[in-house]
Amino acid sequence: MARAVTTQRKTLNTIIAWVIGLVIFFPILWIIILSFKSEGDAIRPPLEVLTSSWTFDSYAVVQERSDYFKHFVNSVTLSVGSTLLGLIIAVPAAWAMAFVPSKSTRNILMWMLSTKMLPAVGVLYPIYLLFIRLGLLDSRIGLVVVLMLINLPIIIWMLYTYFKEIPGEILEAARMDGATLREEILYVLTPMAIPGMASTVLLNIILAWNEAFWTLNLTAAKAAPLTAFIASYSSPEGLFYAKLSAASTMAIAPILIMGWFSQKQLVRGLTFGAVK
Amino acid sequence: MGQIQLNQVSKSFGPVEVIPPLDLTIEDGEFVVFVGPSGCGKSTLLRLIAGLEDVSGGHVLIDGRDATEIVPAKRGLAMVFQSYALYPHMSVRKNIAFPLRMAGLDKAEQDKRVTQAAEVLNLTDYLERRPGQLSGGQRQRVAIGRAIVREPAAFLFDEPLSNLDAALRVGMRLEISELHKRLKTTMIYVTHDQVEAMTMADKIVVLQAGVIEQVGSPLELYQRPRNTFVAGFIGSPKMNLIRGAEAAKHDADTIGIRPEHIGISSTEGTWKGTVGVSEHLGSDTFFHVQCNASPEPLTVRATGEMALSYGSEVYLTPRQEHLHRFDAKGLRLE
């Protein structure tokens, strides 16, 4: 029997959903609007902001004053690098936990997740000191490792959930069909896990791209990604909203576009296992 | 060749012994069915033969060769799973060819064998489809195709028909039986459905709690059950088991009589009773009769035309030559 949901009710739900969506998106929308205003207009009351004239000035200034491309390359290197490095460690780890679980598998998984609850600042000193000693301060290598480590629990968890969904009987069938462990992983498991691995990669690139605590604290000029690029516009001489907004828009644009095109994959990845 | 021998094979999961040491020989070309209630260890036994579980003790011999330490891939056995376990990302053709590809056969030989198997199983039109685009019956046929292409020493079936609807199940049952007649390869078939066991098997192995209760042909088991468990498990509807005074008259702790071996009459007979629920199958009618001989209602089989109303009085007469007698331990008395 179909549920009795009236058209009226559906319309109402749609409106509520749109309102919530807009509220969530509003700060980003406002940043984008402000980035096309002059500094003077940007600090006026909201209605006057909307009616004032539009300009590309802020973008021009930001371009002139700092090297966007260098920060962009750093962001790409850090997010892609840390994700790939994470996969290399997480795939075997998740495989082992999903298919050859031991008594402590559950505990290890929970422990890994619990590290995400530790305030990052709590380990800032030790890591900062380590970075100084090892000469890793303001290096991309060092940050790739740190970003990989903070996201590793999420990568392992996501892959673990994905692998868990693959029925054990299919792997047993492969074994009965004469496949060696290598062939079983190569021809049966990996192709079946590719959608899951793709969403894991996407989500982790986004997380690493947006990460600001470590990237701000452990970099200066050489390895600074786009988060540092944004931060450089919140200067002690006062906030310049228009320029800050222009910098922010430039920093989030690539990941926003990537997210837009891969949203189907992302949603599927995040809800996988919840809905059969 | 496909003779399989189990010598004192046992299996424990931690401290729990699911299969105490048992011996069993399956001859080459035999169709053997492992049957028993859920949790009786029949699937575990099959997995021990397949090598998907390690034995805790004893030896598995395939064609006289000790296979206990051999990995599943090298045992030369093929298995059909309850869930079909097809590779969802591969076409039907690739699914069936997979074992051949793993065996390193060249492409032409692979194609030849896949085509042959597809013809046998009526899958020719579906070779380029993915498993997700097939019905349950077709998927099961693909799983069987994947098993037959490699010409294994024996086929292992783990409840292959449980996921199919009733009508399809009867059809597939026949197909598998026919396949066995044609290939003459050893088949070991696990099911909890005693009808499947009776209709398909050359030899039935009845299991309960990991212990073999009886091994024999379907009719042997039906006509001469070794104990009350087998008596009650094999046959549908179940054999009527009667304890107490009525059994004592026959010098037994329990007597058993099958529904078709009880005469029913409205005028005269040994036991007087009242008719409860009747089940009309068309060809037969089963009456559940409450009578003084037993606290439990007795099931009686009569012709399809016979009609007795609920609560009416009847007389039942067991045919003495078909009476089964069991002792206090439930073992058959001769």
(request) Pull up the cross-link candidates among the lysines for A:Lys37, meaning alpha carbon to alpha carbon under 25 Å and not fewer than 8 places away within one chain. (result) A:Lys243
(request) Specify which residue in the list B:Val33, A:Ala60, B:Ser177 is farthest towards the positive end of the charge dipole of the protein assembly as shown, using unit charges on the beta carbon of Lys, Arg (+1) and Asp, Glu (-1), about the Cα centre. (result) A:Ala60
(request) Compare A:Thr11, A:Thr161, A:Thr227 in a GNM of chain A, Cα atoms joined below 10 Å, and give the one with the largest fluctuation. (result) A:Thr11
(request) Using amide H atoms built 1.01 Å from N in the peptide plane, name the residues 5+ places from B:Ala252, or on other chains, whose amide H lies under 5 Å from its own. (result) none
(request) Evaluate E = 1/(1 + (r/R0)^6) for A:Phe99 and A:Ile33, where r is the Cβ-Cβ distance and R0 equals 60 Å; express this FRET efficiency to the nearest 0.05. (result) 0.75
(request) Assign unit charges at the C-beta atoms only (+1 for Lys and Arg, -1 for Asp and Glu), then state the dipole size of chain B relative to its Cα centre in Debye, rounded to the nearest 20. (result) 860
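Among A:Trp157, A:Trp260, A:Trp30, what is the fewest-to-most ranking by other Cβ atoms within 10 Å? Can you show the working numbers first?
On the way: A:Trp157 18, A:Trp260 9, A:Trp30 14.
Going from least to most buried by this count: A:Trp260, A:Trp30, A:Trp157.
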(request) Calculate I(q)/I(0) for the protein assembly as shown by the Debye formula, one identical point scatterer on each C-alpha and no solvent, and give its log10 at q = 0.11, 0.12 Å⁻¹ to two decimals. (result) -1.11, -1.21
(request) Compute the semi-axes of the equivalent ellipsoid of chain B, taking the square root of 5 times each eigenvalue of the Cα gyration tensor, and list them largest first in whole Å. (result) 44, 25, 14
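Percent relative contact order of region B:4-230, based on C-alpha pairs within less than 8 angstrom and at least six residues apart?
Numbers: 408 pairs, mean separation 66.1, N = 227.
Dividing the mean separation by the residue count of region B:4-230 yields 29 percent.
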(request) Would you kindly derive the ³J(HN,Hα) couplings of region A:8-25 from the backbone phi angles with the Karplus curve 6.51 cos²θ - 1.76 cosθ + 1.60 (θ = phi - 60°), listing them in order in whole Hz, with x for Gly and Pro? (result) 4, 4, 4, 4, 4, 4, 4, 5, 4, 4, 5, 4, 4, x, 5, 4, 5, 7
(request) Give me A:Leu87, A:Leu216 ranked fewest to most by other Cβ atoms within 10 Å of their Cβ, as a rough exposure proxy. (result) A:Leu216, A:Leu87
(request) Rank A:Ile20, A:Pro46, A:Ile31 by how far each Cα sits towards the positive end of the charge dipole of region A:7-59 (+1 on Lys, Arg Cβ; -1 on Asp, Glu Cβ) and give me just the farthest. (result) A:Ile20
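Count the lysine pairs in chain B that are 8 or more places apart or on different chains: how many have C-alpha atoms under 17 angstrom apart?
Details: B:Lys11/B:Lys42; B:Lys42/B:Lys203; B:Lys94/B:Lys107; B:Lys94/B:Lys112; B:Lys181/B:Lys203; B:Lys184/B:Lys203; B:Lys249/B:Lys272.
Close lysine pairs under the 17 Å cut-off: 7.
Taking 1 over the mean of 1/r across every pair of different Cα atoms in region B:18-113, what Kirkwood radius in Å do you get? Write down the numbers at each step before the final one.
Details: mean 1/r = 0.0634 Å⁻¹.
Evaluated over region B:18-113, this radius sits at 15.8 Å.
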(request) Would you pull out the residues with amide H under 5 Å of B:Glu17's amide H, same chain only if 5 or more places away, H placed 1.01 Å from N? (result) none
(message) Give me the base-10 log of I(q)/I(0) for region A:7-59 at each q in 0.27, 0.28 Å⁻¹, Debye formula, one uniform scatterer per Cα, rounded to two decimals.
(response) -0.97, -1.01
(message) Please compute the average number of Cβ atoms from other chains found within 10 Å of each residue's Cβ in peptide A:165-173.
(response) 6
(request) Check cross-link reach from A:Lys10 to the lysines: straight Cα distance under 28 Å, and skip same-chain residues fewer than eight apart. (result) A:Lys264, A:Lys276
(message) Under the rule of at least 5 residues apart or a separate chain, name every residue whose amide H is placed under 5 Å from the amide H of B:Arg258.
(response) B:Asn240
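Every number in this text was worked out from the coordinates using simple rules, so none of it is lab data. In this text the structure is predicted, and so the values were computed from the model without any measurement. Cβ coordinates were reconstructed from backbone atoms using ideal geometry, including for glycine residues, and neighbour counts include every protein chain displayed.
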